[in-house]
Structure formats: structure tokens, C-alpha cells
Amino acid sequence: MTAQDLTGKGIILSPKTLPFHDRGGGARTTPLVTPKIGAKNFISGITAFEPGAAIPVHFHNCDESVMVLSGNAIAELDGEAHALSVQDTTFVPAGVPHRFINASQTEPMSILWIYASIEANRTIVATGDTRPIAMESAGPR
């Protein structure tokens, strides 16, 4: 079962059974709360990083909060690196360039992210490429 609809009372999601999106470079994202299941004000998901993996420097059109679920991370916020461990949580205002890196070369790391808008997008600083975050039909691609 990927999601259990509690008939108007909410939905239970099991990340281990949900499809993911391969982001390349050893990172993959599993969307959790999205408009597809009824979200109207925020979206969330989990990104898992292989040892040493990193995502490119980017920014969003809305606020973001990220919590480290497992492993150790480096959060680069506006060019400044910060060491994070399990349960450390960031608040990244809209427009602030940032990225997350798995600090370990031997252990995986994962983060829970929450965006303050269902219309959140990501702009890669190096290329200027902007894409929406809410992945309605997630899965390996």
C-alpha cells in the first residue's frame, strides 16, 4: 500500500512504498504531501543521498524547512557551510541560494523537506533552469 486514505480524516503515507524521482548524482526524492493527495498550502518529501552525494546550489520561490532524518549533512546557506546531524532543522527563506551535501563518504544521509507553497519551484543557480517541485507522477525517470 502506498497511501491509506482515511476517508476525509487524512492520509497515511509510507515512504518506503512510494515511488521516487532520481535527481542524479546519488540523490533521489520521494514526494510525500502533494496536491495529488489534496495538499492546498504546502508540499513535503524526503531526499536520500548516497555517500558523498550533493545537490546543486539552488533557490526557491517560497520558504523551505529541512530536517536531517539520518546521517550527517552539510547545509550550504548563501555560501556558508554548516554541519548538521540528525534532527537539526533549517529554515531557508525564499530566494536564498542553498544546497545539502552528505558529509559522509561511507554512510547514506536523508532529509525531510517542506515548502510553504504547493507552487514551489527550484532554480538552479549555475544554469538558471527553473522547474516546479510538486511531482504529480513521481517515479524513476
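The values are calculated or read from the model by the stated rules, or taken from the named source; none is laboratory data. Everything numeric here is computed off the predicted structure, so don't read it as measured data. In this analysis, Cβ positions are derived from the backbone assuming ideal geometry, glycine residues included, and neighbour counts consider all displayed protein chains. These area figures cover heavy atoms from the full protein model, side chains too; ligands, DNA and RNA do not enter into them. Shrake-Rupley method; radii C 1.70, N 1.55, O 1.52, S 1.80 Å.
Just to be sure I understand: with springs between alpha-carbon atoms less than 10 Å apart, which residue in ALA53, ALA81, ALA126 has the highest mean-square fluctuation in the Gaussian network model of the chain?
ALA126
Quick one: net charge around HIS82, please, counting Lys, Arg +1 and Asp, Glu -1 for every other residue with C-beta under 14 Å from its C-beta.
Values: positive: ARG99; negative: GLU76, ASP78, GLU80, ASP88.
Local net charge: -3.
Take the solvent-accessible surface of the protein heavy atoms, probe 1.4 Å, and return the percent of it on the chain that carbon and sulfur atoms account for.
Numbers: 4210 of 7700 Å².
Carbon and sulfur together cover 55 percent of it.
Under 16 Å between alpha carbons, and skipping anything fewer than 8 positions from LYS36 in its own chain: which aspartates and glutamates qualify?
The reachable aspartates and glutamates, counting only those whose Cα sits under 16 Å from LYS36, are ASP5, GLU119, GLU136.
Which whole-Hz couplings ³J(HN,Hα) result when phi for each residue of segment 39-44 is put into the Karplus expression 6.51 cos²θ - 1.76 cosθ + 1.60, θ = phi - 60°, listed in order with x for Gly and Pro?
4, 10, 10, 7, 10, 8
What accessible area per residue, rounded to a whole number of Å², is obtained for the chain using a probe radius of 1.4 Å?
Working: 7700 Å² over 141 residues.
Dividing the accessible area of the chain by its residue count gives 55 Å².
Counting alpha carbon pairs within less than 8 Å and at least 6 residues apart, what relative contact order, in whole percent, applies to the chain?
Values: 351 pairs, mean separation 39.3, N = 141.
It comes to 28 percent, rounded to a whole number.
Which value in Å is the Kirkwood Rh of the chain over different Cα pairs?
Working: mean 1/r = 0.0650 Å⁻¹.
Over the chain, the inverse of the mean reciprocal pair distance is 15.4 Å.
Compare the peptides 99-105, 17-23, 35-41, 45-51 by average per-residue count of other Cβ atoms within 10 angstrom and give them in order, highest first.
On the way: 99-105: 18.3, 17-23: 14.7, 35-41: 11.3, 45-51: 19.9.
Going from most to least packed, we get 45-51, 99-105, 17-23, 35-41.
Are there any GluC sites (Glu not before Pro) in segment 75-120 that are in a DSSP loop and have at most 16 other Cβ atoms within 10 Å? List them by number.
Working: sites: GLU76, GLU80, GLU119; in loops: GLU119.
Hits after loop and neighbour filter: GLU119.
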